[in-house]
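Participant: The structure under discussion is supplied below as structure tokens; questions concerning it will follow.
The values are calculated or read from the model by the stated rules, or taken from the named source; none is laboratory data. Quantities reported herein were computed from a predicted structural model and do not represent experimental measurements. Note that we place each Cβ from the backbone using ideal geometry, even for glycine, and neighbour counts take in every protein chain shown.
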Amino acid sequence: MHVIVLGCGRVGSGLAYRLETDGHVVTVVDRDTRAFDRLGPGTRARRIVGEALDRDVLEAAGIGQADAVAAVTGRDEVNAVVARIASQRLHVPRVVARMYDPRQADLYQRLGVLTISPVQWGISRLGHLISVRDISPVAVLGGGQVELVEARVPPTMSGRRSAELEIPGEARLVTVTRGGRTFLEDGTTPIEAGDVVSIAVTSDAVVRLQQLLSVS
């Protein structure tokens, strides 16, 4: 894929390196030429100096042929606007924007912009690490609003239907691993003590899921 990374801060430079390592063609845009020093001498990414919101700069970066755009400048408003332009006007297949302000991230998410909010995700993760036991995070989905977690079924829940591990609208069982075999769940299979289950859960419901798993 050809990926355009807008912003060459710590996130942008790290993302560019990761994408290049994965075999993608990367173009990095930043208004400060000194920012490109973060890429390192071995990075082959193409460098474009200019404002992310400048149409000429975006065209010079090849946005018309880009497969993906990551807007990770240090300015929320720039990331949001350029992400909307890239996805809705220029029809770039994959667009994501980093937003520091969780309220703005929620707003633009509702407007159809895929956003990542490190502040929102960090608050959620710190809270879970402090208050939640026996649940291991696997992945964060969307802007941090949903997590994929793993948990081991306690003996007190052995024999219950897998649907009893779900919270309507907040937590849904995805897979069960038993005896080295992992299978998708439909909510009807009895679970056994020691099963490892993966559950998609909203960030606000992780503590409730923990309480559910702790019920005797």
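Participant: Of everything in the stretch 103-120, what is crowded, with 20+ Cβ neighbours inside 10 Å and outside any strand (DSSP E or B)? Give them in sequence order.
Facilitator: Scanning the stretch 103-120 gives A105, Y108, V113, S117, Q120.
Listed here are the residues, each with its yes/no results for (1) surrounded by 12 or more Cβ atoms within 10 Å (Cβ to Cβ); (2) modelled with pLDDT of 90 or more; (3) more than 30 Å from S117 (Cα to Cα).
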| position | (1), (2), (3) |
| --- | --- |
| P155 | no, no, yes |
| R161 | yes, no, yes |
| A171 | yes, yes, no |
| E185 | yes, no, yes |
| T189 | yes, no, yes |
| S203 | yes, no, no |
| Q210 | yes, no, no |
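Participant: Go through the stretch 49-93 residue by residue and tally those that are in contact with a Ser or Thr (Cβ under 6 Å, 6 or more places away or on another chain) and either of a type in the set (F, W, Y) or part of a strand (DSSP E or B) (or both).
Facilitator: 1
Participant: Here's another thing I want to ask about it. When the residues of the stretch 93-102 are filtered to those that are of a type in the set (A, V, I, L, M, F, W, C) and free of Cβ contacts under 8 Å to residues at least 40 places away in the same chain, which remaining residue is surrounded by the fewest Cβ atoms within 10 Å (Cβ to Cβ)?
Facilitator: V96
Participant: In addition: Among the numbered conditions (1) of a type outside the set (D, E); (2) within 24 Å of Y108 (Cβ to Cβ); (3) within 24 Å of the chain's Cα centre (by Cα), tell me where G50 comes up short.
Facilitator: In the conditions (1) of a type outside the set (D, E); (2) within 24 Å of Y108 (Cβ to Cβ); (3) within 24 Å of the chain's Cα centre (by Cα), G50 misses (3) alone.
Participant: Moving on. Those residues that are β-branched (V, I, T) and either in contact with a Cys (Cβ under 7 Å, 6 or more places away or on another chain) or not in a strand (DSSP E or B) (or both), I need them from the stretch 165-216; list them, please. Spell out how you get there, then give the answer.
Facilitator: Step one: of the stretch 165-216, the residues β-branched (V, I, T) are 167, 174-177, 182, 188-189, 191, 196-197, 199, 201-202, 206-207, 215.
If the condition is that a residue be β-branched (V, I, T) and either in contact with a Cys (Cβ under 7 Å, 6 or more places away or on another chain) or not in a strand (DSSP E or B) (or both), then T188, T189, I191, V206, V207, V215 are the ones that fit.
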